[in-house]
1. For the stretch 85-122, how many residues meet the condition of being modelled with pLDDT under 95 and touching an Asp or Glu at 6+ places or on another chain (Cβ under 8 Å)?
2. Answer with yes or no whether A168 is open to solvent by less than 10 Å² (accessible area, probe 1.4 Å), touching an Asp or Glu at 6+ places or on another chain (Cβ under 9 Å) and either on the phi < 0 side of the Ramachandran plot or of a type outside the set (D, E) (or both).
3. Mind checking which residues of the stretch 166-221 are in contact with a strand residue (DSSP E or B) (Cβ under 8 Å, 6 or more places away or on another chain), in a helix (DSSP H, G or I) and within 23 Å of D292 (Cα to Cα)?
4. Could you tell me how many of the residues in the stretch 126-141 are on the phi > 0 side of the Ramachandran plot and either open to solvent by 20 Å² or more (accessible area, probe 1.4 Å) or part of a helix (DSSP H, G or I) (or both)?
5. Going residue by residue through the stretch 158-165, is there one that turns out to be assigned to a loop (DSSP other than H, G, I, E, B) and under 17 Å from the mean Cα position of the chain (by Cα)?
6. Give me the strands (runs of 3 or more DSSP E) completely within the stretch 229-337, filtered to those with at least 1 residues that are buried (at least 24 other Cβ atoms within 10 Å of the Cβ), ordered by residue number.
7. Being under 29 Å from Y315 (Cβ atoms), in contact (Cβ under 8 Å) with a residue 12 or more places away in the chain, in a helix (DSSP H, G or I) and of a type in the set (G, A, S) is the requirement here; does A144 meet it?
8. From the residues in the stretch 142-155 that are of a type outside the set (D, E, K, R) and in contact with a strand residue (DSSP E or B) (Cβ under 6 Å, 6 or more places away or on another chain), which one is surrounded by the most Cβ atoms within 10 Å (Cβ to Cβ)?
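The values are calculated or read from the model by the stated rules, or taken from the named source; none is laboratory data. If you're wondering where the values come from, they're calculated on a predicted model, not measured in any experiment. In this analysis, Cβ positions are derived from the backbone assuming ideal geometry, glycine residues included, and neighbour counts consider all displayed protein chains. Note: areas computed on protein heavy atoms with side chains; ligands, DNA, RNA excluded. Shrake-Rupley method; radii C 1.70, N 1.55, O 1.52, S 1.80 Å.
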Amino acid sequence: MSRSSTGTTRPAERRPQPDGVCSRHDEAHSEAGRRPRYGGPEVLEEVEQEIPQPGPGQVTIDVRAAGVNPADYKGFAGGSSQDPDALPIHPGYEVAGVVLDLGADTELASGGGAVGDEVLAFRVSGGYASRITVPAVDVFAKPAALDFPAAANLLLAGTTAEDMLRAARVAPGETVLVHGASGAVGVMVLQLARLRGIRAIGTTSEAREDVVTGFGGEPVRYGDGLLERVRELAPDGVDAALDCVGTDEAVDVSLAVAPKDRVVTIAAFERAQREGFLVVGGRMPESAAFRDSVRASLIDLAGSGDLVVPIARTYPLDRAAEALSYLADGHPGARSR
């Protein structure tokens, strides 16, 4: 499989259901992952939790795949923002599965909705679970062309990529430099750029240059001499730079070749604050609203085959900590069955 910076956890396989689906799910409990304290992937524990019946405006999903993203561990892996009142943390922002139940007078964000429908949901909390009850406004019909793992890894990376392109004001015919172009967000940026007639130069390792090329970008190896290599490809500089990695090298090169007000990062927060370039993030109101607004269009692109979701590995739910370790160690992908 192609590799990306996202992956998927999947609950253990269940016995086949008899023909017909009940309007109420029989099991009121779910296997779920949670973090009772701050630390690395090793602190993730598996628990059984009660799943509430959905009220008006809510949907209960039988989770078939949950996306595994760096965002799942960054908030509790360390640093200065370790609020004890936020514990326990229930990771997992995106899932795909089958509707088990809907609250009264409830429709999905995509319209309609019935028990047995295949769906994906983002942005949710506690997606590392076998079942989950979530707001219906965050649940969309899953295109038949997408399998559950791909559907569960589409929207976090896809909406982040869209948000970066928005903030940098990248337009057709322009050239953008993408740092971390072979990762999950980078691959989404490359594909969206190609669809819109935007030239994308993407930093990557030598081993993953083919990934950048395959998704429509022009690869350039990071490391010593990166600035010179970028300038060889774009002698007059680039119109914008998108930083998906947060390294000093990425920031330094971006500021050297692009206007500061069109340099956007999702990782170099301290330098952005200090030096005055742009940051976007799902916790920022403007970014959150924009990301919500582009979910349906991204699902349509993926459903038509114009947007591909690379998946590297799958892990069962009881090995979710292993999937997180894979990402935390710098490997570009994981998913679980």
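1. 3
2. Criteria met by A168.
3. A167, G186, V189, L190, A193, R194
4. Total meeting the criteria: 0.
5. Within the stretch 158-165, not a single residue is assigned to a loop (DSSP other than H, G, I, E, B) and under 17 Å from the mean Cα position of the chain (by Cα).
6. 240-243, 263-265
7. It is false that A144 is under 29 Å from Y315 (Cβ atoms), in contact (Cβ under 8 Å) with a residue 12 or more places away in the chain, in a helix (DSSP H, G or I) and of a type in the set (G, A, S).
8. A152
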